[in-house]
Amino acid sequence: MTFLAQRDSSRDPVSVTSPRREKIPALVVSGFLGSGKTTLVRHLLASAQRSGVRVAVVSNELGELGIDRALLGSGGEAFVELEGGCVCCELSDDLIETLEQLHEQVDPDRIVIETSGVALPFDTTLNFWRDPVRRWIGEDTAVVVVNAEQLAEGRDLSGTFEDQVGSADLLVLNKLDLIPADGHDAVEATLRGIEPEAPIVRCERGVVPVELLFPPDPGEKDRSGAAPAAPAHSHEHFRTEELQLPEGVTESEIVERLSRPGLLRAKGWALTPEGPVLVQVVGRRVETTADEPPDPALLGRLVLIERA
């Protein structure tokens with residue numbers, strides 16, 4: 001567990017203009033591997049910085065390189081990264097400890113928890129019924145980000161994906177720019193067939209109206225009673241490994257190295273002859289984007305995720 005930044009009160013207009021809420025709303029951002037969760041959280045942080053809202057972020061990664069931490073940056077908010085497991089199960093005690101530290105040391109207006117791509121959002125929100133956080137966490141919302149291209153391909157739509165989608169308060173149908181416009185209704189229909197009730201909002205690149213995720217007057221949930229029972233689900237097991245790429249690797253070599261059966265997700269940076277690139281693999285799609293890691297130690301290192 002690593003604190004990446006602390007509250008910067010010198011640039012905090014909210015503490016002057018807005019009264020403190022007794023309870024703090026929490027948003028759980030979940031979704032299968034490669035759905036675009038980190039992109040959505042970056043959008044939320046950019047909006048918060050523009051409006052002066054204090055946001056504390058807990059980012060949960062399966063791997064231990066801290067790639068999501070590097071992608072999110074530090075800014076003026078408070079970031080905590082929990083690595084090597086899921087906050088819905090193995091790291092649930094760490095999550096409680098982290099939330100309490102954020103409450104005491106940062107005093108945020110909002111909490112955002114970005115789960116790993118294999119975590120279950122309902123099980124994550126059950127932690128809000130535990131002491132001591134049940135006393136100060138208010139309304140909570142479980143948002144599940146869904147990759148439209150994954151739906152169009154019919155890839156990995158059972159097991160973890162189905163459990164995640166089935167426990168969403170709001171479904172964000174993301175990456176619609178990756179499929180033809182005339183296929184948008186069909187992928188939404190597929191998603192609606194898996195989850196018939198949760199509202200669906202369409203988006204590209206994680207750009208969702210913030211008021212959908214944090215309503216202006218969210219209310220305060222009563223957690224004085226027992227926590228609701230978790231529905232039956234399957235918790236699949238996944239394995240991670242680190243792949244190191246040599247300096248000067250070409251983009252075609254990167255694609256060749258990452259075109260392997262069973263690979264669900266890969267993320268990291270490589271140094272090509274044209275310069276550093278961010279490498280992202282989702283299903284069969286391998287993307288490289290010119291980008292330099294904030295930490296040079298991450299260059300040439302990728303985290304790979306497969307089913308165990």
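All of the numbers you see were taken from the coordinates with simple rules; none came from a lab. What you see is a predicted model, and the numbers here were worked out from it, not measured in a lab. FYI the Cβ positions are ideal-geometry reconstructions off the backbone, even for glycines, and counts take in every protein chain you see.
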For region 221-290 versus region 110-147, the gap between their alpha-carbon centres in whole angstrom: 22 Å
FRET efficiency for residue 23 and residue 229 from the Cβ-Cβ distance with R0 = 22 Å, rounded to 0.05, comes out at 0.40
Step through the residues of region 258-274 one at a time and calculate ³J(HN,Hα) from phi using the Karplus curve (6.51 cos²θ - 1.76 cosθ + 1.60, θ = phi - 60°), rounding each to whole Hz and writing x for Gly and Pro. 9, 8, 10, x, x, 6, 9, 7, 8, 7, x, 10, 9, 9, 9, x, 8
Difference of contour (0.36 nm per residue) and Cα-Cα distance, residue 135 to residue 217: 27.6 nm
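Starting from the Cα coordinates of region 103-234, work out the convex hull volume and express it per residue in Å³. Please report the intermediate quantities before stating the final value.
Values: hull volume 16.7 nm³, N = 132.
So the per-residue Cα hull volume is 126 Å³.
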Amide H to amide H under 5 Å from residue 249: which residues, 5+ apart in sequence or cross-chain, H placed 1.01 Å off N in plane? 271
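Suppose R0 equals 30 Å; then what is the FRET efficiency for residue 250 and residue 308 from their Cβ-Cβ distance, rounded to the nearest 0.05?
Values: r = 31 Å, r/R0 = 1.04.
Result of the calculation: an efficiency of 0.45.
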Expressed in angstrom, Rg and Dmax over the Cα atoms of region 238-307 are 11.2, 34
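When Lys and Arg each count +1 and Asp and Glu each count -1, what net charge do the other residues less than 13 Å away from residue 222, Cβ to Cβ, add up to? All intermediate terms of the calculation are to be shown ahead of the outcome.
On the way: positive: 23, 134, 135, 221, 223; negative: 22, 139, 140, 220.
Net charge around residue 222: +1.
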Counting alpha carbon pairs within less than 8 Å and at least 6 residues apart, what relative contact order, in whole percent, applies to region 209-308? 32 percent
